[in-house]
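The values are calculated or read from the model by the stated rules, or taken from the named source; none is laboratory data. Predicted, not measured: the structure shown is a model, and the values here were computed from it. Glycine also receives a Cβ, built like all others from the backbone with ideal geometry; neighbour counts cover every protein chain displayed.
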């Protein structure tokens with residue numbers, strides 16, 4: 001009879017422990033945020049124009065841009081290779097949504113594809129830009145490498161792109 005209360009306690013504690021572990025796990029999403037001295041409309045125009053956007057990213061994180069026709073606006077496409085840290089992923093990118101002054105969504109096709117959103121919001125002193133790539137948590141056997149090498153490199157890539165956005169004139 002003493003085993004039943006112990007088993008019951010384990011049954012109650014294990015889900016709580018697992019739920020707590022999930023809540024404390026780092027997110028796989030890649031997020032960079034910066035206030036830039038551009039209008040929200042200039043920010044969304046820059047990311048909707050893949051020719052201009054390609055210049056925001058250095059070769060250490062996104063490279064090999066092959067621009068499609070059209071190269072700007074809704075439906076624009078490019079084939080690009082993501083190389084943050086040890087990750088190598090060549091994908092077709094399409095500008096899937098553009099709301100001038102608010103957001104631009106890039107959809108990356110294929111089973112290993114993902115969505116990247118650029119959100120712009122007017123704030124005092126400029127525009128707050130949030131660049132987010134929504135990712136599923138990687139499988140357990142590469143999770144540590146992802147969070148230790150890929151995620152920080154990808155975040156640094158996005159930080160650098162937003163810093164460049166604050167540079168020369170936007171289209």
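Please work out if residue 117 is within 11 Å of the chain's Cα centre (by Cα) and assigned to a strand (DSSP E or B). The answer is yes for residue 117.
Scan segment 125-162 for residues that are in a helix (DSSP H, G or I) and without any contact (Cβ under 8 Å) to a residue 40 or more places away in the chain and the total you get is 6. When the strands (runs of 3 or more DSSP E) confined to segment 33-113 are screened for residues that are under 15 Å from the mean Cα position of the chain (by Cα) and modelled with pLDDT of 95 or more, those reaching at least 3 such residues are found at 77-82, 89-99, 103-108. The numbered conditions (1) in contact with a strand residue (DSSP E or B) (Cβ under 6 Å, 6 or more places away or on another chain); (2) on the phi < 0 side of the Ramachandran plot; (3) buried (at least 16 other Cβ atoms within 10 Å of the Cβ) are all true for residue 126 except (2).
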